[in-house]
Every structure is written in C-alpha cells, then in structure tokens.
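First up is the structure itself, then whatever we jot down about it.
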Amino acid sequence: MKSRVGTSGYVDRSTSSPALVGIIMGSDSDLPVMQEAAKILDEFGVGYEIHVMSAHRTPEQVIEYVKKSEASGCKVFICSAGMSAHLAGVVAAHTALPVIGVPMGKSAAGVDALFSTVQMPPGIPVATVAINGAKNAGILAAQIIATGDSDILEKVRMFKERMADDIEAKDAELQEKGFRKYLEEQGLV
Ligand code: C2R
C-alpha cells in the first residue's frame, strides 16, 4: 500500500510498512487517546495496524485477529480498553507475544480499567502503562521491537536525546527569564 503524509506531517505507517504492532481498541471512543500510540510509531517508522475489536462485544474476531497477526509477523500487541477492561488479558491469553495494556480513563477516573488491566494472574502478564498512557505504549512497543532492530533502537535513542535537549533548553530559558515572565510567555497562567 502507498504511504501518505497526513496534515500532522507524520508518515502513516499503518499504510506503508509491514505491521509489527497490532493496536486493538475496545471501542472507537478510545481512538482520540490511542492516536498517540500510532503517531509515535509513525515517528519511529514502525509499521502497525489499528483496529476496533472487543473481548466482550466481538470475542471471536479478537482471537481470529491475534492468530492471523501472529502468522503474518506481528511482534507485539497494544490493547486499549476502559471500564471493565478485559481486552488486553484476553489477547495475552491467546498469544505468546508481548501484550501492552492501556487502561482508558472512561469511568471511575480510569482506576477500574487500570486494575482490570494490570492485575493479571501469574503466568499471563500484560505490560500495563498509565491510564490513557497511549504514547508510552507506542514507545514501549518500539523498544520491544528495537531489541532485534538496531535502526529502531537508534531512533528511540535519538528521541530520548531530543527530549533531554528540550528540557535543558526550557530550564535555561526559565533561569534567564525568571518564573513570572516564563509562565506568561509560555501561556501557562
Ligand atoms: P463505548 O464507548 O463503545 O461504549 O465503550 C472500551 O474500550 C471503551 O473504553 C466504552 C468502553 O468499553 C471498553 N470496552 C472494553 C472491552 N470492550 C470494550 N473494556 C473489552 O473487551 O474489555
């Protein structure tokens, strides 16, 4: 399939590279948060697929998708779900590949989904990130793939270096301007 560059300037890897990451969302209502996982994978040049599927609402499709993805070279799954969040656990039950769970902050401030996702019984781990932690899920997926791909590893390294440079630049500006002017100029008040 052809690659396309969206208005964000990101190259959409869901349409340009083999899918190494399967992103499964329990609902399309998770997408406003979960787009951050896709965007960071785009930045690292990691191919992915993104689907809506639910362990509760479409249980057979979830299992079928996991089996199909395993066969076609997927390396890691990212699963988002809110409320009574069983999706990541069910995916983990059906694959030997690593599964990252993203609890959605839909009800009870997301604590319901956090516990549903993180409290897996021994033997079936789900690497759970923060509530709505879609970006970290994407970074973690890239890091897992980077254990066997030096190009991706280098991209993750550069990403971390850029982040550190940004923080240093912010601190230098804060020291130069003082906190009042800094707050005002950054629109943080
Ligand atoms: P709707 O917005 O579609 O009503 O979904 C979804 O991930 C979503 O956050 C509300 C919330 O229900 C979640 N959901 C699950 C599962 N499937 C959907 N927790 C599941 O299989 O675990």
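FYI, it's all coordinate maths here, none of it is from the lab. All figures in this text were calculated on a predicted structure; none of them were measured in a lab. Backbone-built Cβ (ideal geometry, glycine too); neighbour counts: all protein chains shown.
Tabulated results
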quantity: Test: residue in the stretch 119-126 that is in contact (Cβ under 8 Å) with a residue 12 or more places away in the chain, farther than 20 Å from residue 142 by Cβ and not β-branched (Val, Ile, Thr); calculated: yes
quantity: Those helices (runs of 4 or more DSSP H) lying entirely in the stretch 134-189 with at least 1 residues hydroxyl-bearing (Ser, Thr, Tyr); calculated: 150-177, 179-186
